[in-house]
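Engineer: Just passing along the structure, written as structure tokens.
The values are calculated or read from the model by the stated rules, or taken from the named source; none is laboratory data. Owing to the predicted nature of the structure, the values given are computational and were not obtained by experimental measurement. We place every Cβ from the backbone using ideal geometry, glycine too, and count neighbours over all the protein chains shown. Just the protein is used for accessible areas: all its heavy atoms, side chains included, with ligands, DNA and RNA removed. Shrake-Rupley method; radii C 1.70, N 1.55, O 1.52, S 1.80 Å.
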Amino acid sequence: MSKKWFALAMLSVLSLLGAFALLQEQLKPGAPAPDFELDSLDNQQVKLSELKGKPVFLDFWATWCGPCRRALPHTQAFSEKYKGKAHILAINVREDKETVREFMEKNRYTFRVLMDSEGMTARAYGVRGIPHFVVIDAKGKIAFIQIGYGPGVEEKLENALKKAIAQAEQKETVAAR
């Protein structure tokens with residue numbers, strides 16, 4: 001009987017250590033945003049580290065994902081409303097360019113789409129489900145993370161983006177003095 005209890009205790013301890021390790025791997029606000037270099041739908045290379053100076057909004061998505069499709073009109077609105085103040089990037093995860101291109105044209109979306117064909121960037125950002133949103137501040141630090149989409153999420157996302165923009169503009173004003 002004591003061997004069974006010992007085995008059960010060891011299994012419990014190892015499970016807790018594994019769960020703790022998983023939690024440690026996840027990105028958190030304040031952490032440096034993992035750099036990436038991805039091709040856009042229009043065959044331009046985009047490197048995150050070259051976008052410093054303005055906040056970056058990332059929307060990890062796929063054409064087959066219902067919640068992603070419901071969130072994309074808000075990504076479109078952000079790209080129009082905050083043009084010049086932030087970089088709005090939708091990162092398509094593991095789909096081919098033609099499928100994404102057709103989807104974008106059909107829905108008349110104009111925001112910038114980056115292609116994460118192998119899912120490496122999604123892995124670096126701890127994306128385990130989509131949609132997955134990340135706001136990165138002008139210094140390249142994670143400012144906000146939102147997993148999933150539902151009622152009220154667009155307000156949270158916009159508030160986080162506005163805050164990052166305000167901080168960047170405040171620093172520009174101070175630097176100009």
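Engineer: How many residues does segment 76-106 contain that are in contact with a Phe, Trp or Tyr (Cβ under 7 Å, 6 or more places away or on another chain) and farther than 23 Å from Glu118 by Cα?
Structural biologist: Final tally of qualifying residues: 4.
Engineer: Could you check how many residues of segment 119-151 are basic (Lys, Arg) and either under 8 Å from the mean Cα position of the chain (by Cα) or assigned to a loop (DSSP other than H, G, I, E, B) (or both)? So that I can check it myself, show each step before the final result.
Structural biologist: At the first step, the residues of segment 119-151 found to be basic (Lys, Arg) are 123, 128, 139, 141.
Filter once more, keeping what is either under 8 Å from the mean Cα position of the chain (by Cα) or assigned to a loop (DSSP other than H, G, I, E, B) (or both): 128, 139.
Of the residues in segment 119-151, 2 are basic (Lys, Arg) and either under 8 Å from the mean Cα position of the chain (by Cα) or assigned to a loop (DSSP other than H, G, I, E, B) (or both).
Engineer: Now for a separate question. Answer yes or no as to whether Arg101 is open to solvent by 80 Å² or more (accessible area, probe 1.4 Å), more than 14 Å from Ala160 (Cα to Cα), in contact (Cβ under 8 Å) with a residue 40 or more places away in the chain and outside any strand (DSSP E or B). Can you show your working first?
Structural biologist: Working: open to solvent by 80 Å² or more (accessible area, probe 1.4 Å): no; more than 14 Å from Ala160 (Cα to Cα): yes; in contact (Cβ under 8 Å) with a residue 40 or more places away in the chain: yes; outside any strand (DSSP E or B): yes.
Here the answer is no, as Arg101 does not meet what is asked.
Engineer: In addition: Testing Ala164 on (1) open to solvent by 20 Å² or more (accessible area, probe 1.4 Å); (2) of a type outside the set (D, E, K, R); (3) over 18 Å from Cys68 (Cβ atoms); (4) in a helix (DSSP H, G or I), one condition comes back false. Which one is that?
Structural biologist: With (1) open to solvent by 20 Å² or more (accessible area, probe 1.4 Å); (2) of a type outside the set (D, E, K, R); (3) over 18 Å from Cys68 (Cβ atoms); (4) in a helix (DSSP H, G or I) applied to Ala164, the lone miss is (1).
Engineer: Sticking with this structure for a sec: Look at segment 126-149 and say how many of its residues are open to solvent by 10 Å² or more (accessible area, probe 1.4 Å) and in contact (Cβ under 8 Å) with a residue 40 or more places away in the chain.
Structural biologist: First pass over segment 126-149, keeping only residues open to solvent by 10 Å² or more (accessible area, probe 1.4 Å): 126-130, 137-141, 143-149.
Within this subset, residues satisfying the condition of being in contact (Cβ under 8 Å) with a residue 40 or more places away in the chain are 126-127, 130, 137-141, 143-145, 148-149.
Residues meeting the conditions: 13.
Engineer: Here is a check on your reading of the model: is Gly66 modelled with pLDDT of 95 or more and on the phi > 0 side of the Ramachandran plot?
Structural biologist: On the way: modelled with pLDDT of 95 or more: yes; on the phi > 0 side of the Ramachandran plot: no.
When the stated conditions are applied, Gly66 does not pass them.
Engineer: Please go through segment 104-114 and pick out each residue that is buried (at least 17 other Cβ atoms within 10 Å of the Cβ) and either among the acidic types (Asp, Glu) or within 13 Å of the chain's Cα centre (by Cα) (or both).
Structural biologist: Within segment 104-114, Val113, Leu114 meet the criteria.
Engineer: So, one more: Scan segment 115-123 and tell me whether some residue there is open to solvent by 20 Å² or more (accessible area, probe 1.4 Å), touching a Lys or Arg at 6+ places or on another chain (Cβ under 8 Å) and not small (Gly, Ala, Ser).
Structural biologist: So the first thing to find is which residues in segment 115-123 are open to solvent by 20 Å² or more (accessible area, probe 1.4 Å), and the list is 117-118, 120, 123.
The next check asks that each one be touching a Lys or Arg at 6+ places or on another chain (Cβ under 8 Å); those that pass are 117-118.
Then keep just the ones that are not small (Gly, Ala, Ser); that gives 118.
Within segment 115-123, one or more residues are open to solvent by 20 Å² or more (accessible area, probe 1.4 Å), touching a Lys or Arg at 6+ places or on another chain (Cβ under 8 Å) and not small (Gly, Ala, Ser).
Engineer: While we're here: Cβ-Cβ distance below 8 Å, separation of 6 or more or different chains: which pairs start in segment 54-81 with a residue that is touching a residue at least 40 places away in the same chain (Cβ under 8 Å) and under 19 Å from Arg128 (Cα atoms) and end on one that is acidic (Asp, Glu) and in a loop (DSSP other than H, G, I, E, B)?
Structural biologist: Ala62/Glu95; Thr63/Glu95
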